[in-house]
Amino acid sequence: MKLIRLIFSIKNVPTVKWSSTHPLNYKPRFNTLFFLSLGVFLFGLGDAILISSSIGVSPWTVLAQGISNITNLSIGTSTFIISIAILILWIPLKQQPGIGTILNAIIIAAAIDLTLPYLSHPSSYPIQVFQAIIGILVTGLGSGTYLIANLGAGPRDGLMVGLQKKTNMPIAIVRTILEITAVTSGWILGGIVGLGTVLFVFGIGPSIAIGLIVVEKIFPKP
């Protein structure tokens, strides 16, 4: 119960010894860049683990499927359009892109392509569910790690952080609302929703909060 209260009380991204002092730092220390890259890679690995569970994709992929259905654009192109639209929403929220914003797009895609061929595709439903949960937890840990690096967030995480600052709501709640909005919109447009999608919707916010807590506990503060 105490852990649950802690998870839903996180309202700020903490800083540790290797955190950048500013998101627009284009000459970061090596350890800051290392943990940024590690976090983004873990994010992509977690997404790949969820995909290979074969019981549903992330809400934003559902939204991309829906947009693809009504526009005849590819899912990749639809995903790019969504990212651009989200970045536009950064402007009133005063979010600033940085190295992390760029590496987010590059490393996550590479991590999925590199790891997906080596991941198991279980046929047992309980194992599929377990694998999906592991994928969500790994994604949350990766997100927490690269957010703490403070070198600029990816489009969705930047939107999450910006909205949290505007509303002062817990990060877990803000992210859950964003995921529900994305998956509902995608489903209305014809995207496919599975159990893995539902688990992601309600699990990614708490998972990111857990990731922030774990990284803050492991590494010393500045």
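Structure values in brief
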quantity: Distant alpha-carbon pairs in region 109-222 (separation over 20 angstrom), percent; calculated: 49
quantity: Equivalent ellipsoid semi-axes - Cα gyration tensor, the chain, angstrom; calculated: 26, 20, 18
quantity: Estimated FRET transfer efficiency when R0 is 45 angstrom, pair Leu114-Lys221 (beta carbons, to 0.05); calculated: 0.85
quantity: Additional length obtainable on full extension of the chain from Phe34 to Val214, 0.36 nm per residue less Cα span; calculated: 63.1 nm
quantity: 3J(HN,Hα) from dihedral phi, region 123-133, Karplus parametrisation 6.51/-1.76/1.60, rounded to Hz, x for glycine, proline; calculated: 9, 6, 4, x, 5, 4, 5, 4, 5, 4, 5
quantity: Cross-link partners of Lys166 among aspartates and glutamates (Cα-Cα below 20 Å; sequence separation of 8 or more within a chain); calculated: Asp157, Glu179
quantity: Length released on extending from Ile84 to Thr71, taking residue separation times 0.36 nm less the Cα-Cα span; calculated: 3.0 nm
quantity: Test item: Cα-centred dipole of region 46-218, Lys/Arg +1 and Asp/Glu -1 on Cβ, debye; calculated: 380
quantity: Over the chain: helical MRE at 222 nm, DSSP H runs n ≥ 4 each giving -39500 (n - 2.57), nearest 500; calculated: -24000 deg cm²/dmol
quantity: Difference of contour (0.36 nm per residue) and Cα-Cα distance, Lys165 to Tyr125; calculated: 10.5 nm
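Bear in mind these aren't lab numbers, they're just calculated from the coordinates by the rules spelled out. Not measured: the values here are computed from a predicted model. Neighbour counts run over all protein chains shown; Cβ positions are idealised from the backbone, glycine included.
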